[in-house]
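Okay, so here's the structure we're looking at.
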Amino acid sequence: MDRRRVIQSLVGGSILMPGLMSQLLGEDGGSAGTSSDPLAPKPSHFPAKAKRVIFIFSNGGVSHMDTFDHKPELFRADGKKKGVGGGLSNQERVLLKPLWDFKPGGKCGTLVSDLFPHLRQCMDDICLIKSMKSDDNEHYQATLAIHTGSFFFSRPSIGSWISFGLGTVNNNLPSFVVLAKELPYAGTQVFANDFLPAYHQGVRVVPGAEPIPNLDRRTSRRDIQQLELEFAASFNQRHLADRSGEQELAARIRTFETAFKMQSEAKEVFDLSGESQDTLDLYGLKPGESTGFGWKCLVARRLAERGVRFIELIDGSSSKNWDQHGNMAEHADHAKVIDQPIAGLLKDLKQRGMLDDTLVVWATEFGRTPGVDGDKGRGHHSACFSSWLAGAGVKPGISYGATDETGATVAENKVHVHDFHATILHLLGIDHTKLTYRHGGRDYRLTDVHGNVVREILG
């Protein structure tokens, strides 16, 4: 037996195995990439602008021409037939004007519709991308792609890739947290680790009285609980000793350790009783409220403060979302849910100095057709849509890219989903071509063999 195996046998099944192993083997547990803790902080490829990401996903396909992409031609040509292109064989469709007026926001003057009056006030801090492009008009595939870079096959989510690439700075909390009452299209795959080790999977938190079930100890004595967990861990470690390459088992042991440590910090994260009334008002929250999108946004800020690397907020579910085929007026109901909370999040991060190193991303899976679909709605449209970024490393108060006069196709500066991902990774100091993982005999990456960093939007 070599020295490492001897120490492993002596330590046995301690629930604190990674930390103890680091010390006994003379490894520096605080140095990035040298600790036996697989979630220890790792160095980026180059200096990063962002330390963490808050990723907001609006499920169902938000209409770009009704929100952030002002198209005067649609107002003038309402009810007329016109070839709309955009992968629709240039077939003629009856054009449908937006139901909301557009007004300039902030000093930059970026036009935003009346659907988002609060966000409109924040446009000086936002980099709006009007020329997003996806490759599929179906919800499942497009939702999968905006999260994993893959349209048809299960792949690790962007949060898992970032956890794998950078690790975490707080071992008492997961590196990747998902705030979601209900699941979007593509279900749990939007935060799955797939072939990456299991400890990089997103931990789902459900808004409510008990965001993480069973977080309270069954006994008031922490030492008794630790003894129980060590007993279980001893069997796991014994099994692992003869199967050193069994990553799933090693990952499960690490997950148990994280769950144990979360008892000391996670409950405090979700306890908003210490927040001031001014802060609650900023997010549109009432004292004691533990549900709603405002709760998600405020908890996201608290998780970011405590070192969580990637936080995703899911807006909508697979059954109730922005997919308005029948009546575009329903967009107003969904916008009202997220407008003030997201604006409050941006303002809160800024006044705390956190927007300087926190990247906030808002995305949807695709846009909607300029022509009518159904009665008074719009259809799926992957040819172009809008997304935005704010904070660490992006130019604030700008719009990038453009669509044609009716919002049917990208007219300039196309940003494909792969380019979008490459840019997010770049802001975190990661070269997207070097963040790879060998699986099934080949190297995989978030952007597959595609993607270019959109350097024009970098600050």
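The values are calculated or read from the model by the stated rules, or taken from the named source; none is laboratory data. Everything quoted here is computed from the prediction, not taken from an experiment. Glycine also receives a Cβ, built like all others from the backbone with ideal geometry; neighbour counts cover every protein chain displayed.
Side notes on the structure shown:
- Residue match in region 51-68 (condition: outside any loop (DSSP other than H, G, I, E, B), touching a Leu at 6+ places or on another chain (Cβ under 6 Å) and either modelled with pLDDT of 95 or more or not assigned by TED's automatic domain parsing to the domain that holds HIS426 (or both)): yes
- Of all the residues in region 279-298, those that are small (Gly, Ala, Ser) and crowded, with 21+ Cβ neighbours inside 10 Å number 2.
- Among the numbered conditions (1) crowded, with 23+ Cβ neighbours inside 10 Å; (2) under 21 Å from PHE420 (Cβ atoms); (3) touching a Lys or Arg at 6+ places or on another chain (Cβ under 9 Å), the only one that THR168 does not meet is (2).
- Here SER273 passes the criteria (1) in contact (Cβ under 8 Å) with a residue 40 or more places away in the chain; (2) in a loop (DSSP other than H, G, I, E, B) except the one numbered (1).
- LEU345 vs. criteria under 18 Å from the mean Cα position of the chain (by Cα), of a type in the set (A, V, I, L, M) and farther than 30 Å from THR369 by Cβ: yes
- Restricting the first member to region 435-459 and to residues that are assigned to a loop (DSSP other than H, G, I, E, B) and exposed (fewer than 10 other Cβ atoms within 10 Å of the Cβ), and the second to residues that are charged (D, E, K, R) and modelled with pLDDT of 95 or more, no beta-carbon pair is closer than 8 Å while six or more apart or on different chains.
- Selection count where residues are over 15 Å from THR364 (Cβ atoms) and not in a loop (DSSP other than H, G, I, E, B), scope region 127-150: 2
- Test result for LEU435, modelled with pLDDT of 95 or more, within 17 Å of the chain's Cα centre (by Cα) and at negative phi: no
- Test: ALA390 is in a strand (DSSP E or B) and either surrounded by 23 or more Cβ atoms within 10 Å (Cβ to Cβ) or at pLDDT 95 or above (or both): yes
- Matching residues, region 395-415, being farther than 25 Å from ALA77 by Cα and part of a loop (DSSP other than H, G, I, E, B): LYS395, PRO396, GLY397, ASN413, LYS414
- Boolean, HIS432 is without any contact (Cβ under 8 Å) to a residue 40 or more places away in the chain and either surrounded by fewer than 19 Cβ atoms within 10 Å (Cβ to Cβ) or over 30 Å from LEU96 (Cβ atoms) (or both): yes
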